[in-house]
Amino acid sequence: MSDEVRGHRARVEIYKIDGLHQLETSLSAQLPNDAAAAQRVALQRIGQLKHDDRDALRNAAVGLAKALEYRLDRYPAIVINREAVVYGTTDVELAVNRYRSWREERAR
């Protein structure tokens, strides 16, 4: 996705990393106590996932992989130019402004 940040085009990718947990919760809801029966029900539920559900899973998995790659230790987090992380906000413009301030401080 592209976005405008103070008149500049920016590529923004959003990952909802709690998607795997949400799916796990829904897949395991009210499973039978018998392990074999529970496995059958869970597999059936997985087989019935819609396209949007699969896209959400893919998004969450990629997001988790990127969180590991960038060694993120909390969220929300915004990674800028693969060199800086701004924690505690989902506001891209705010994060970019913090990043620019950080870069200016480093340049002094």
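The values are calculated or read from the model by the stated rules, or taken from the named source; none is laboratory data. Here the structure is a predicted model, which means the values were calculated and not measured. Here the Cβ positions follow ideal geometry from the backbone for every residue, glycine too, while neighbour counts run over all protein chains shown. Areas reflect the complete protein model, heavy atoms only, side chains present, ligands, DNA and RNA absent. Shrake-Rupley method; radii C 1.70, N 1.55, O 1.52, S 1.80 Å.
Scan segment 56-82 residue by residue and report those that are charged (D, E, K, R), under 16 Å from Glu13 (Cβ atoms) and not in a helix (DSSP H, G or I).
Initially, segment 56-82 is screened for residues charged (D, E, K, R), giving 58, 66, 69, 71, 73-74, 82.
Applying the additional criterion that residues be under 16 Å from Glu13 (Cβ atoms) yields 58, 66, 69, 82.
Arg82, the sole residue that qualifies.
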Please verify whether segment 10-19 includes one or more residues that are at pLDDT 85 or above and in a helix (DSSP H, G or I). no
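Listed here are the residues, each with its yes/no results for (1) in contact (Cβ under 8 Å) with a residue 40 or more places away in the chain; (2) open to solvent by 50 Å² or more (accessible area, probe 1.4 Å); (3) more than 17 Å from the chain's Cα centre (by Cα).
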| position | (1), (2), (3) |
| --- | --- |
| Gln22 | no, yes, no |
| Ser28 | no, yes, yes |
| Asp34 | no, yes, yes |
| Ala37 | no, no, yes |
| Arg74 | no, yes, no |
Meets criteria (part of a helix (DSSP H, G or I), at pLDDT 90 or above and out of contact with any Lys or Arg (no Cβ under 9 Å at 6 or more places or on another chain)) for Ala37: yes
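I'm checking my understanding of the structure. Among residues of segment 85-108 that are under 17 Å from the mean Cα position of the chain (by Cα) and free of Cβ contacts under 8 Å to residues at least 40 places away in the same chain, which one is nearest to Gln22 (Cα to Cα)?
We begin by selecting, within segment 85-108, every residue under 17 Å from the mean Cα position of the chain (by Cα); these are 85-92, 95.
Cutting the leftovers down to free of Cβ contacts under 8 Å to residues at least 40 places away in the same chain gives us 85-91, 95.
Numbers: Val85: 25, Val86: 25, Tyr87: 23, Gly88: 22, Thr89: 22, Thr90: 20, Asp91: 24, Ala95: 27 Å.
So, considering only residues that are under 17 Å from the mean Cα position of the chain (by Cα) and free of Cβ contacts under 8 Å to residues at least 40 places away in the same chain, the one nearest to Gln22 (Cα to Cα) is Thr90.
Go through Glu69, Glu93 for me and flag whichever is open to solvent by 90 Å² or more (accessible area, probe 1.4 Å), at pLDDT 85 or above and acidic (Asp, Glu). Reasoning before the result, please.
On the way: Glu93 fails: open to solvent by 90 Å² or more (accessible area, probe 1.4 Å).
Checking each option against the conditions leaves just Glu69.
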